[in-house]
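The values are calculated or read from the model by the stated rules, or taken from the named source; none is laboratory data. Treat the numbers as computed from the prediction; the structure is a model and nothing was measured. Don't worry about glycine lacking a Cβ; one is built from the backbone with ideal geometry, like all the others, and counts go over all protein chains shown. Accessible surface areas use protein heavy atoms only, side chains included; no ligands, DNA or RNA. Shrake-Rupley method; radii C 1.70, N 1.55, O 1.52, S 1.80 Å.
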Amino acid sequence: PVAGADLAALASDPNACTGVQAPAKINLFLHVTGRRDDGYHLLQSLFVPLDWCDTLHLRRRDDGLLRRHDLGPALPDDDLCLRAARAFQQASGSAFGADIWVDKALPSGAGLGGGSSDAAAVLRTLNRLWGLDWPPERLAALGLTLGADVPFFLQGQPAWVEGVGERLRPVTIQPRRFVLLKPPQGLSTPQVFRALPASCRTPPVSCEAVLAHDAAADLCDLFGHNDLQGPAVALEPQVQQALDWLQAQGLRPRMSGSGSTVFAVLPPAHPAPELPAPWQDAGWLLRVCAMCSPYGAKLV
Ligand code: C5P
């Protein structure tokens with residue numbers, strides 16, 4: 001039994017869902033195209049889900065209580081899993097509650113969307129366990145109130161993203177491997193956005209123009225940049241160290257989201273780099289990931 005749950009028993013419980021995958025994402029590029037009156041930034045980005053995931057198990061409760069149990073590292077008390085469950089309970093009026101077991105693998109403050117991905121996994125699963133059957137658009141609108149990345153994770157396949165994260169267009173791009181390097185220090189998304197110069201604007205580009213590069217070679221080598229990378233490097237020098245290290249391996253790195261993780265396309269013939277032992281001991285994380293499509297959507 002883990003944290004009060006016998007996972008084998010859970011797996012055969014009709015009121016439970018086990019092994020729900022909450023994937024990481026990277027932003028192949030991230031352009032800030034404008035700013036809304038409420039301070040949120042308008043973006044253009046290409047989001048890609050990866051096969052590096054948190055794992056959640058959920059069981060319906062009849063007493064309306066919502067309880068989170070940490071199987072891996074402890075989450076903050078009021079994390080996005082519980083906030084998502086609470087928001088869904090309120091918005092739907094459901095009398096059910098849930099036990100939510102979280103096996104956290106994704107680092108936080110990483111620009112990988114781990115918290116938003118957990119929230120999306122909770123919404124998708126409770127929609128089923130609570131028998132609500134909300135349509136995807138309604139779930140996405142609720143998800144957006146929890147975080148700008150949640151609608152992306154609800155649909156879970158590579159997507160061209162605009163607005164603050166609510167305008168999504170699923171795209172097919174060639175499968176690639178990526179090497180990700182997460183420095184020990186994380187970054188806070190609001191802080192990075194605050195450090196962005198108010199005048200920062202990248203002119204909008206068309207999705208077709210970007211995807212036209214896909215067949216040629218490395219999409220992110222050829223196109224775009226991350227407008228948040230400069231502010232992130234200024235706030236946290238380890239981001240620049242991470243970029244320099246991947247570059248020294250012959251790769252072309254870029255930061256994901258608001259950092260602090262940086263990534264590069266790993267060409268098929270390129271050996272996976274190995275992190276020096278002292279860096280590992282100091283808490284740096286190196287991970288080779290493939291694109292994934294965890295909810296069964298077709299990738300290519
Ligand atoms: O929505 P999320 O919780 O991920 O956003 C965290 C913070 O990042 C927001 O409070 C806002 O300051 C900033 N942000 C932004 N524009 C976006 C997304 C996030 O300014 N499109």
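A few notes on this one:
- The single condition among (1) at pLDDT below 95; (2) within 16 Å of the ligand (Cβ to nearest atom); (3) farther than 30 Å from residue 248 by Cα that residue 194 does not meet is (1).
- Candidates in region 97-140 are the residues that are without any contact (Cβ under 8 Å) to a residue 60 or more places away in the chain and of a type in the set (Val, Ile, Thr); of these, the one that is surrounded by the most Cβ atoms within 10 Å (Cβ to Cβ) is 102.
- Boolean, residue 58 is at pLDDT 95 or above, touching a Cys at 6+ places or on another chain (Cβ under 9 Å), closer than 30 Å to residue 204 by Cα and open to solvent by less than 20 Å² (accessible area, probe 1.4 Å): no
- Evaluation of residue 47 against (1) touching an Asp or Glu at 6+ places or on another chain (Cβ under 6 Å); (2) surrounded by 19 or more Cβ atoms within 10 Å (Cβ to Cβ); (3) not polar (S, T, N, Q) (one fails), failing number: (1)
- Looking across region 38-50 at every residue that is modelled with pLDDT of 95 or more and of a type outside the set (A, V, I, L, M), the one that is nearest to the ligand (Cβ to nearest atom) is identified as 41.
- Residue list for region 121-164, filter: within 16 Å of the ligand (Cβ to nearest atom) and of a type in the set (Phe, Trp, Tyr): 152, 153, 160
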